[in-house]
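Reading through the structure tokens given below for one structure.
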Amino acid sequence: MGLKHVLRRLIHSPGFTLITIVTLAVGIGANSAIFAVIDGILLKALPYPDSDRLVAVNHTAPGINFPDAGSAPFLYFTYRDENRAFDASGIWKSRRASVTGLAEPEEVDATDMTADVLPLLGVSPLIGHWFSEKDDSPGAAETVILTYGYWKTRFGGSSAVLGQKITVDGTVRDIIGVMPNSFRFLTEHPALLRPLRLNRTAITLGDFSYRGIGKLKPGVTLAAASADVARMIPIGIDKFPVDKGYNKKMYDEARFAPMMKPLKDEVVGDIGKTLWVLLGTVGVVLLIACANIANLLLVRAEGREQELAVRAALGASWSRIAGELLRESLVLGISGGVFGLGLAYLALKLLVATAPANLPRLADISISLSVFIFTLVASLIAGLFFGLMPVIKYAGPRINSLIRAGGRALTSSRERLRTRDILAVVQMAFALVLLVGSGLMIRTFLELRRVDPGFVHPAEVQTLHIFIPETDTRDGGAVIRMQENILDRMSGITGVSSAGIVNVLPMTIKAPINGLWAQDQPEQAKRVPKLRRFKFFSPGFLQTMGTPLIAGREFTWTDTYERRPVAMVSENLARSMWGSPTNALGKQIHESADSPWREIIGVIGDEREDGVDHAAPEVAYFPLLMTKYQGNIERAQRSVWYVVRSSRIGTQGFIQEIQRAVWSVNPNLPLAQLRTMGEIYSKSLERTSFTLVMLAIAGAMALLIGLVGIYGVVSYSVSQRRREIGIRLVLGAPAGGVMRMFIRQAFVLGVIGAVTGSLAALGLARLISSLLFQVSASDPLTYASVCSALLIATLLASYLPARRATRVEPVEVLRTE
């Protein structure tokens, strides 16, 4: 009977009910959506059996400033032979692969792995089988496993695919399996899985270009496994030979050590802190919404105080009245939660569709049972939170006195106004906390946009990836001639101003790293060299990117085809080794003891290779074709990016013309990853942009709700002081003075909210300090701007009800009184 009475009362107040449920739905929905993201990314176990025993087996080398060295084949074989901690371990590497013969040539993501990796993950193929030891051995037949999506799109989901052939990078491979639809390989999205086929007899120390993975034996802790890996590293260094120019003492000085973590931590990365901050942020929005609803309920209960007093006088107990008020607030809370869950579902659909690059495990984000329970608990807590205020104020033992007081006691009115003032201050303080966080992220975003990335007008540069396999031609010179021919065809397209080739684009994957020696610094040969990035590019690349040539000259095609021993370096590398760019010119460097000394002919402006929020790395640059590079007789860059600057970027037909230019030279070459440098640049800012947008939305919601609270406080104050206003006006008080009185009241509340909010904001700012860039967590400009904006908004919110106070008819009010 009580619940029916509550529902009937809410239905008879549709305006109040609708506003309350919508406000709650937004607040609870935002919290449920963020919690669903946290649940899917951080809380859910990885989709592998015994996932708590899976670990990332990587390494660090502090002696050469190599914080994340990954893993290497020599360590893989050492751990397989010597370990006491793992049931199994393996290594893997992601690549791009060219597929031909199915339809148009295409380039897809592929993951190369040792035969141990899939069994230790424990996900069996949907059809077929895992790689065997034979598949993973050099000289065996070439095999491949398809992932579910590629199997469906390219083979129609046919079970007859087993035993069929597929040409990958010019090599014909037998399809031996298809992984199930539920299979996820960490953060990668491969279409193909291939065996690494490492030749143990040819393995030397080095080649830290792989990632390691292991499965702990039952009962073995991560600390125990780390100790076991630390024990085995020296064994591996002693067991395998070194490359020319290196010695085992250098590996000892590098101080290789294990860097192990749960596999889930490897998958999730550092997004966890950001997500918890966002959950706290939207939690604050819900608190503000609850404070606002508490204000509405106080007004609603105030209108019923005579009714409640009469019921108490007729024998209704305090607990019965309190129960009815709480039932009403809980019904509102649960209703808001139901609609909030719907909003969260829609928000998650949108999030997954937009697929932010900085969010891993998107496929695991859903409205799960834990999200449903979280929403229910949040709804009940919210209902109790805003429902207790009217219970305390109007369902207490003092309610009997209201009959005698008639509900018009001055002290009572002041007490009610004080309560509403406190709630309004709390809302404004919380709103300021979120606005400060949003302001700091805006400052960060602006600072990032001011950073020179090392290239200009990225939106005018089209990029695409092309790989020329050895099956097309084994001759390095022929590879470069084909690449130059394609470049010439692209340069002839209408609207193209320049074009170039590079092996690694800025802000994508990291360029290869290697030691670098200088002929004029012979003492380097006695110690481990500092690792630098190595990049390779063609004539025209610097002009196309707009990267400045600081000193000297750039590569020519003659340098490339004649395999001249020349090199270029970044400005920061030149300053690090020789003090200035001009001093670097003419110096001799090489990358290994059996490589020729290469003369530095030019110095290039620094590029923010890892994103504008990271310092530019020191880079050595080489031509696309070289001799005696790291022991190779000839080294041609087969996997390259083309960059094309044009005013026609984004116009219809431009990509088709580029495609025709490539296929006119070689119709078997797939064009892959067609993006503009503007898209790549924007993606590098995605983490900051995501956090900024979320905080901005939360801050705007908080400010809007807070201003509604201020508006309500001033409106209530005007209604309570109508008699006072009438007397003031009769006695000759100017209307402007009356209006300023109420505006002053709102301003004081705003100041109190700004001061308390600023103190609280310092705590939030420290939490997001790792997300800031060249902006202090206590940045005075941000705090001053946000406080000023809050106070101005407060004045505007109070203007309308204050102006209404000046329109009170004194005679009518006094006659009523």
Say a site is exposed when it is one of the trypsin sites (Lys or Arg not before Pro), sits in a DSSP loop, and has at most 13 other Cβ atoms within 10 Å; what is then the longest site-free stretch of the chain? 554-806
In region 588-673, which GluC sites (Glu not before Pro) fall in coil by DSSP and have 10 or fewer other Cβ atoms within 10 Å? none
Taking a ≥ b ≥ c as the square roots of the Cα gyration tensor eigenvalues, with a/c under 1.5 meaning rounded and otherwise prolate when a/b beats b/c, else oblate, which class fits region 580-672? oblate
Using the 2.2 N^0.38 Å rule of thumb for compact globular proteins, work out how region 207-296 stacks up: its C-alpha Rg over that value, please. 1.93
Interchain or sequence-distant (5+) residues whose placed amide H lies within less than 5 Å of the amide H of Thr676 are Thr463
For the chain, take the longest principal axis of its alpha carbons; what is the angle in degrees between that and the long axis of helix 73-82, to the nearest 10 within 0 to 90? 80
In this structure, among Lys93/Lys239; Lys249/Lys530; Lys510/Lys683; Lys93/Lys510; Lys215/Lys261; Lys152/Lys349, pairs with alpha-carbon gaps over 20 Å are Lys93/Lys239; Lys152/Lys349
Suppose a student asked you for the relative contact order of the chain, using Cα pairs under 8 Å spaced at least 6 residues apart; what percent would you report? 16
Please express the Cα-Cα pair-distance distribution P(r) of region 499-584 as a list of whole percents, one per 10 Å bin, running from 0 to the bin with the greatest distance. 14, 43, 36, 7, 0
Label point 7 Å beyond Cα of Glu106 along Cβ direction - residues of region 667-691 with amide nitrogen under 15 Å: 669-674
Ile235 and Ser580 label points (each 7 Å along its Cα→Cβ direction) are spaced in nm at 5.5
Here the gain from full extension of Ser132 to Arg84, 0.36 nm per residue of separation minus their alpha-carbon distance, amounts to 15.0 nm
Just want to confirm a number: the relative contact order over region 507-588, from Cα pairs under 8 angstrom separated by 6+ residues, in percent. 26
With Thr582 itself left out, Lys, Arg at +1 and Asp, Glu at -1 over residues whose Cβ is under 14 Å from its Cβ give +2
Of every hundred units of 1.4 Å-probe accessible area on the chain, the number belonging to carbon and sulfur atoms, as a percent, is 59
Where the centre of each part is set by its Cα atoms, how far does region 560-593 sit from region 117-163, in angstrom? 46
Quote to one decimal, in nm, the extra length available between Arg803 and Ala224 on full extension: 0.36 nm per residue of separation minus the C-alpha distance between them. 201.2 nm
Amide H to amide H, which residues 5 or more places from Asp606 or on other chains are under 5 Å from it, using H placed in the peptide plane? Glu571, Asn572
Kindly identify region 111-167 as rounded, prolate or oblate by the Cα gyration tensor criterion: order the square roots of the eigenvalues as a ≥ b ≥ c, call it rounded if a/c is under 1.5, otherwise compare a/b with b/c, prolate if a/b is larger, else oblate. oblate
For region 605-646 and region 474-546, what is the separation of their Cα centres, given in Å? 3
When averaged across all projection directions, what area in nm² does the alpha-carbon convex hull of the chain cover? 43.7
Have a look at region 130-269 and give its Rg and Dmax from the Cα atoms, expressed in angstrom. 19.1, 55
Are there chymotrypsin sites (Phe, Trp or Tyr not before Pro) in region 539-647 that DSSP marks as loop and that have at most 10 other Cβ atoms within 10 Å, and which are they? none
Hey, got a sec? Which GluC sites (Glu not before Pro) in region 522-584 land in a DSSP loop and have at most 13 other Cβ atoms within 10 Å? Glu562
In the neighborhood of Thr274, defined by Cβ-to-Cβ distances under 13 Å, what is the net charge if each Lys or Arg adds +1 and each Asp or Glu adds -1? 0
Going residue by residue through region 760-766, the Karplus relation 6.51 cos²θ - 1.76 cosθ + 1.60 with θ = phi - 60° gives ³J(HN,Hα) values, rounded to whole Hz and with x marking Gly or Pro, of 5, 5, 4, x, 4, 4, 5
Ordered by residue, what ³J(HN,Hα) values in Hz, to whole numbers, does region 442-450 give under the Karplus form 6.51 cos²θ - 1.76 cosθ + 1.60, where θ = phi - 60° and Gly and Pro are x? 5, 4, 4, 4, 5, 5, 5, 5, 7
With every protein chain kept in place and a 1.4 Å probe, the chain has an accessible area per residue in Å² of 43
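The values are calculated or read from the model by the stated rules, or taken from the named source; none is laboratory data. Because the structure is a prediction, the values reported are computed rather than measured. Positions of Cβ are generated from backbone atoms using ideal geometry, with glycine treated the same way; all protein chains shown enter the neighbour counts. Calculation scope for accessible area: heavy atoms of the full protein, side chains included, ligands and nucleic acids excluded. Shrake-Rupley method; radii C 1.70, N 1.55, O 1.52, S 1.80 Å.
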